[in-house]
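Notes for the one structure printed next.
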There are 2 protein chains.
Amino acid sequence: MNRLNWSELNELARAEALQRPVQAVAAQTREAVAALIVQVRADGDEALRGITARLDRVQLDDIEVTAAEFEAAEQAVAADLRAAMEEAAARIRRFHEAGMSQGYTVETAPGVHCERMIRPIGRVGLYVPAGSAPLPSTALMLGVPAALAGCPQVVLCTPPRADGSADPAVLVAARLTGVQRVFKLGGAQAIAAMAYGTASVPACDKLFGPGNSFVTEAKQQVAQDGSVAIDMPAGPSEVLVIADAGANPAFVAADLLSQAEHGPDSQVLLLTDDAALLQAVEAEVERQVALLPREAIARQALGASRLIQVDRLQDAFDISNRYAPEHLILALREPRAWLGQVQAAGSVFLGDYTPEALGDYCSGTNHVLPTAGAARAWSGVSVASFQNTISVQSASAEGIAAIGGCARILASAEGLDAHERAVALRMEAVA
Amino acid sequence: MNRLNWSELNELARAEALQRPVQAVAAQTREAVAALIVQVRADGDEALRGITARLDRVQLDDIEVTAAEFEAAEQAVAADLRAAMEEAAARIRRFHEAGMSQGYTVETAPGVHCERMIRPIGRVGLYVPAGSAPLPSTALMLGVPAALAGCPQVVLCTPPRADGSADPAVLVAARLTGVQRVFKLGGAQAIAAMAYGTASVPACDKLFGPGNSFVTEAKQQVAQDGSVAIDMPAGPSEVLVIADAGANPAFVAADLLSQAEHGPDSQVLLLTDDAALLQAVEAEVERQVALLPREAIARQALGASRLIQVDRLQDAFDISNRYAPEHLILALREPRAWLGQVQAAGSVFLGDYTPEALGDYCSGTNHVLPTAGAARAWSGVSVASFQNTISVQSASAEGIAAIGGCARILASAEGLDAHERAVALRMEAVA
């Protein structure tokens, strides 16, 4: 890990310290993804089978998961895992439901009613990755808000396993949230199928979910094309921990490693005003990393990590707001008192007993969050991500008389005569 | 205008009837925009001056509007226009304020508190076009919600006039909403400046506002690059009117023309179950269009327009939801009774006395709306467009004991041991 003292760094060194591991998409990836999209658009299901045979080394009979496969999955998943998924889904549902927006109406002038209606997005596509391991928790994080929003068509893609089946836990999680249609597709080909549709896979209005660099690049390309909306730009996972002298070094080290084990390009940062804590955490990381099955991955991620000493905790918050981390852990004695300082982050974890893993799985918040600084202008997935708002206005004869004059002056000032006349005609009719 | 009978069309003809005028960005536009962006990133203000001299034929002394220019604008704007802008701003503020989201907290398990905080986006950039005429109303539509959101840095770009000054009405509108920094920049160069920053123009986290094809393409390119978020993909303006036998043909024609005068690529559609109304509207359009100063533009737009007869009004709503119009006018006797049928649209106008122009200017709703079918997955601008939500969780010793077991089972199932250990460590500490 890289130890730095913030006050000793010049602006250039500071910018470098907060640089994410290189995220520029290789031209090779971009071209490969573009080629896959072209293939899927041209040849539909045939292309999906061909690409899956080539990249996943799996011959798909059914692209879509069958009723029998869902049934087998129910049998295959252990009772305690199923119970944990149900427990997590219940808390995710509770938190997300409480944050749902309601429509409203305002009489903005006598006889003029303006309102906002909320509608589910009609067709949504969820992507559940299965890189080193399938992630049933992601199926919950996407499926629960889609169901709360009331989306009439929800489809889910997840990569096939070596034997051509889908991961049973992912299937059970999907069913728990009410998702009925699951396709055994991964990578850019899954994104292309959901964006443009094939004979098997319906075209969707919006795509959700994390994924590797191919999935991410494919989402960007189909969104750029204007065919479909996406939840957010995605990138490697990251955590920033702000700790004070009272923090528990073993806890902090465990949280840093939780992030580091995600992938070699994960980034972890620790900011503290206490030199002793920084040293203790570094020793603890070294001790704990050696115990991990995914030690090699974690060590790679630690190579790009930073342990930064600051003069004051306030400096740590300034740095954090500049970096805009996906996950922000406040390992502080009075974390809530500092919360007002947080301006940009995906999800925040307060105090010693709130490891990031709680939010990843079952506190109730969503784990699909903006990375790579996107938290400056994007938010994590919520029910609103699956809804549109539509504004509605209604003017009575009294209403057009009340505000028509204002509209006519503005229309004239903008040189839009037909606008002015459309209002004037009504005003004459009600005069 | 093109008259069609929906029930006589096969699926291919129906798809064609709902086709927007070609929106594919010419490769030429794409390359020109990319070149402008490269220039601005490389040479900053110098590039901005050079491009403005070349494209706008204006030598800019100050890129930023000075205090003296703001002062002169206040003097230049007529009292009635100023009053109309103030009146419109007040209603826009009232409607948008009533729809603001609040943070909330839920105790999802004993000792586990999850909450959502709302924060303004730090640096936002607004674009106010001035194609055939400057649009001060757009400054209000963007500036008011930005102010309500509490964005600490708001900048606005609008093209310079021939004499190098900014439009006085746009400046007054900007000031009315609290925008302090305005730059005399238009087109792709304005978007590039706000996305990447120059010595004069601060780099922004999110860009807002409509514009011509260069502005739209530039927004897409900077968003694709991941540097900045954008409000929505934009395209030519459009209206769909659903009218019944009782509708007033003169009103309907005036509304169709309000849209057609925006630009030659605007699209207008009329759907009705009454053949006589359809005929009457067509005659009225012909009568009214001849009276418009922008007749030539309107006639071009009418060339791509459609008058579609349907068997039942329900068919009209099915077609509208498929088309997902930016503006939807319900010129019906019982418009509110039909509102439940509207699934995808930007903004809806109810009844005979609610011309689209009211929403464009001063009913209180926003006029920055999704076009080109984007209303299927995007919503118009609101205060939420200028805010981020951040989730927060806090578990006490009791909390980790309550939900830690669930997290451990899920982490183990996903093969993420460090996650499992980060929870286990805490559970051991509190046991």
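Read-outs: derived from the displayed coordinates by stated rules, not from any lab. Since the model is a prediction, treat every value here as computed from it, not as a measurement. Reconstructed Cβ throughout: ideal geometry from the backbone, glycine too, with neighbour counts over all protein chains shown.
So the values come out like this:
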| quantity | calculated |
| --- | --- |
| DSSP bridge pairs, the protein assembly as shown: antiparallel proportion in percent, nearest 5 | 30 percent |
| Summed side-chain charge close to residue B:19 - residues other than residue B:19 whose Cβ falls under 15 Å, Lys, Arg +1, Asp, Glu -1 | 0 |
| Estimated FRET transfer efficiency (residue B:283, residue B:11; beta-carbon r; R0 45 Å; 0.05) | 0.90 |
| 12 Å beta-carbon shell around residue B:132, net charge (K/R +1, D/E -1) | -2 |
| Percent RCO, i.e. relative contact order, over the stretch B:390-431, from Cα pairs under 8 Å lying at least 6 residues apart | 43 percent |
| Mean projection area, nm², convex hull over Cα of the stretch A:50-172 | 10.5 nm² |
| Peptide-level mean, for B:116-123, of C-beta atoms on other protein chains within 10 Å | 5 |
| Degrees separating the helix A:187-196 axis from the principal Cα axis of chain A, which is the longest one | 10 degrees |
| Normalised alpha carbon radius of gyration of the protein assembly as shown [divisor 2.2 N^0.38 Å] | 0.97 |
| Chain A, relative contact order [Cα under 8 Å, separation at least 6], % | 20 percent |
| Label distances, nm, residue A:17 versus same residue in remaining copies, Cβ-directed 7 Å point | 6.6 |
| Residue closest to axis [chain B; rotation mapping onto A; Cβ; Å] | B:224, 2 |
| Per-residue [θ]222 nm for the protein assembly as shown (sum of -39500 (n - 2.57) over DSSP H runs n ≥ 4, rounded to 500) | -14500 deg cm²/dmol |
| Shielding of A:232-239 by partner chains, average beta-carbon count, 10 Å | 1 |
| Cα gyration tensor shape for the stretch A:235-335, rounded if a/c is under 1.5, else prolate or oblate | oblate |
| Within 10 Å of each Cβ in B:291-302, the average number of Cβ atoms from other chains | 2 |
| Folded to 0 to 90 degrees: helix B:67-76 orientation relative to chain B principal axis, Cα | 40 degrees |
| Cα-based helix-to-principal-axis angle, B:27-55 vs chain B, degrees rounded to 10 | 70 degrees |
| Distances in nm from residue B:153 to the matching label points in the other copies, shortest first (labels 7 Å along Cα to Cβ) | 4.3 |
| Prolate/oblate/rounded call for the stretch A:308-381, Cα gyration tensor, a/c under 1.5 rounded | oblate |
| Across the identical copies, how the residue B:83 labels are spaced - nm, sorted shortest first, 7 Å along Cα→Cβ | 7.3 |
| Computed lengthening from residue B:322 to residue B:290, 0.36 nm per intervening residue step minus Cα-Cα distance | 8.3 nm |
| Hz values of 3J(HN,Hα) by residue in the stretch B:86-91 - Karplus curve (6.51, -1.76, 1.60), Gly and Pro given as x | 5, 5, 4, 4, 5, 6 |
| Rounded to 5, the percent of DSSP beta bridges in chain B classed as antiparallel | 30 percent |
| Inter-part distance where the stretch A:135-154 and the stretch B:300-374 are each reduced to a Cα centre, Å | 30 Å |
| Relative contact order (%) - criterion: Cα under 8 Å, at least six apart; region: the stretch B:38-188 | 28 percent |
| FRET efficiency for residue A:412 and residue B:162, using Cβ-Cβ distance with R0 set to 25 Å, rounded to 0.05 | 0.75 |
| Neighbourhood net charge (10 Å Cβ-Cβ; Lys/Arg +1, Asp/Glu -1) for residue A:354 | -2 |
| In sequence order, calculated HN-Hα J values of the stretch A:306-313 (Karplus, 6.51, -1.76, 1.60; Hz; x Gly/Pro) | 9, 10, 10, 8, 10, 6, 10, 4 |
| Distance in nm between pseudo-label sites at residue B:276 and residue A:42 (7 Å out along the Cβ direction from Cα) | 5.6 nm |
| Chain B: C-alpha gyration tensor shape, a/c 1.5 cut-off, then a/b vs b/c | oblate |
| Under Karplus coefficients 6.51, -1.76 and 1.60, residue-wise ³J(HN,Hα) of the stretch B:235-248 in Hz, glycine/proline x | x, x, 6, 7, 9, 10, 10, 10, 10, 10, 4, x, 5, 8 |
| Rounded to the nearest 20 debye, dipole of chain B from Cβ charges on Lys, Arg, Asp, Glu | 560 debye |
| Sorted by Cβ neighbour density within 10 Å, fewest at the top, the residues A:91, A:14, B:175, A:57 | A:57, A:14, B:175, A:91 |
